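Before any comments, here is the structure.
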Amino acid sequence: MKIFGGSLLTSVLFLSTIVLLSSCQSTNLPRPIQNAPADKVDPCYTSPTQQAEALLLDFRAFDQTGGHPASARELAMKGCHAEAAHVTERYLVEHSGLSRREVDVLIWHLGQHKAHLGRYEVASALFLATLRPPETTSEPDNFDWNTYALGSWAFLNKEPLLLDHSIETLRRKAGQRNLINARALIGLRNCFDKPYSLAIGPGVCQPPPVTPLP
């Protein structure tokens, strides 16, 4: 399994460095409340038992569909991005048998959780870690992941020209997934000076469905 000419071990070491950097910089992030008063239950709290169960879920249940209260998907849907990031880091380290594509998706979503928390430096590095080498980018619907990833990176690093170029590229390539991602990038562009958490979410920043450019 190769990542830009390196080994999977290189990828794991890179991720470990990002996770360590993240943990060193996040000591003031909210943590689950172990003994919350009954009338002030933390909606993001999950028990140690639930967290252990989440680490045993398959990739789809953990990241895609939700359902389990401690899965990353379920936590993210509730806006619990600090907790979703924490359990995703543990899942990447402790859950064996993940495919290269599954690791990439988890790293991307980890980056999004960090971006929601305003941790743009860490999120930027995680976004770039998902870039695909040229020999693996050809897909039947002309899906262009790298352009979407770079456009998202451009928002975090306030590079409007690169963001504009990414939007135009995706719209010219067409394909349903490219148009969905172009719409997300347009939302980032519409609210370029707003936090990622606002610009990426549903609401005033998001445009109507976009059409291909000629």
* To do: Please identify every one of the trypsin sites (Lys or Arg not before Pro) in region 92-180 that sits in a loop by DSSP and has no more than 15 other beta carbons within 10 Å of its own beta carbon.
  => Lys158
* For Arg172 paired with Glu159, estimate the spin-label separation in nm (one decimal), with each label point 7 Å from Cα along the Cα-to-Cβ line. => 1.8
* To do: Tell me the label-point distance for the pair Ile180, Leu131, using the 7 Å Cα-to-Cβ offset, in nm and rounded to one decimal.
  => 2.4
* With θ set to phi - 60° and the Karplus curve 6.51 cos²θ - 1.76 cosθ + 1.60, what are the ³J(HN,Hα) couplings of region 155-164 in order, to the nearest whole Hz, using x for Gly and Pro? -> 5, 4, 9, 6, 10, x, 5, 5, 5, 4
* **Rounded to whole Å, sorted largest first: equivalent-ellipsoid semi-axes of region 132-214, Cα gyration tensor** => 21, 15, 10
* Structure fact -> Expected sort for Ile200, Ile180 with the fewest Cβ neighbours (10 Å cutoff) up front is Ile180, Ile200
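Over all distinct alpha-carbon pairs, what is the Kirkwood Rh of region 51-145 in angstrom?
Numbers: mean 1/r = 0.0726 Å⁻¹.
In region 51-145 this quantity evaluates to 13.8 Å.
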* Taking the simple approach of a point 7 Å from Cα along Cα-to-Cβ for both Glu94 and Ala52, what is their distance in nm? -> 0.9
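Every number in this text was worked out from the coordinates using simple rules, so none of it is lab data. All of these numbers come straight from a predicted model, not from anything done at the bench. With ideal geometry, Cβ positions are generated from the backbone for all residues, glycine too; neighbour counts draw on all protein chains shown.
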